[in-house]
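To start, the structure itself, in structure tokens.
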Amino acid sequence: MIRYDLRCKEGHVFDGWFRSSDGFEQMRAAGQVVCAQCGSGQVEKLLMAPSVSKDGAGRERPLAPKPGNEAEAALAKLHAHVEANSDYVGLRFADEARAMHEGRSEHRSIHGEARPAEARKLVEEGVPIAPLPFIPRRKSN
């Protein structure tokens with residue numbers, strides 16, 4: 001997969017993932033590459049340089065992408081806030097949320113992961129939950 005930085009005729013900058021350079025050209029020619037902000041199909045690739053840095057062991061690793069617009073910046077800020085101010089409970093999310101709701105566990109802010117059926121059941125039971133607009137970073141030892 002190749003990630004390209006793209007710009008529409010209105011100047012909106014965004015990125016897209018494609019199987020290959022030819023794949024990008026075919027999708028653009030078919031009108032399948034459009035700007036998410038204005039819907040323009042007149043899109044061009046921007047000049048790009050590989051974005052790598054060295055980790056502590058001297059290996060190269062990709063840098064985290066920087067937010068490209070206000071919405072992405074707000075989402076990144078929300079992501080950081082949630083991770084800094086709540087406990088990650090991973091796949092135990094449904095059990096932890098239910099235990100707090102039923103008074104079997106101390107109330108606190110948590111985030112984690114649940115299958116759609118588990119989340120639906122929590123909502124039906126009146127447990128106050130909300131989906132996050134991002135995937136939590138998995139924390140492990």
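The values are calculated or read from the model by the stated rules, or taken from the named source; none is laboratory data. It should be emphasised that the depicted structure is a prediction, and the values quoted were computed from it without experimental measurement. Neighbour counts are summed over all protein chains in view; Cβ atoms, including those assigned to glycine, are modelled from backbone coordinates with ideal geometry.
Of the residues making up the stretch 9-50, those that are in contact with an Asp or Glu (Cβ under 8 Å, 6 or more places away or on another chain), free of Cβ contacts under 8 Å to residues at least 40 places away in the same chain and either among the acidic types (Asp, Glu) or closer than 21 Å to ALA73 by Cβ (or both) are CYS35, GLN37, CYS38. If the condition is being over 21 Å from TYR88 (Cβ atoms) and surrounded by 10 or more Cβ atoms within 10 Å (Cβ to Cβ), then the stretch 124-139 contributes only GLU125. I need the full set of residues from the stretch 9-46 which are surrounded by fewer than 16 Cβ atoms within 10 Å (Cβ to Cβ), closer than 19 Å to ASN69 by Cα and of a type in the set (Lys, Arg), in order please. The answer is LYS9, and nothing else. For the stretch 34-56, the condition of being at positive phi and modelled with pLDDT of 85 or more holds for at least one residue. Residues of the stretch 74-121 that are exposed (fewer than 13 other Cβ atoms within 10 Å of the Cβ) and either in the same structural domain as GLN37 (by TED's automatic domain parsing) or of a type in the set (Val, Ile, Thr) (or both): none at all.
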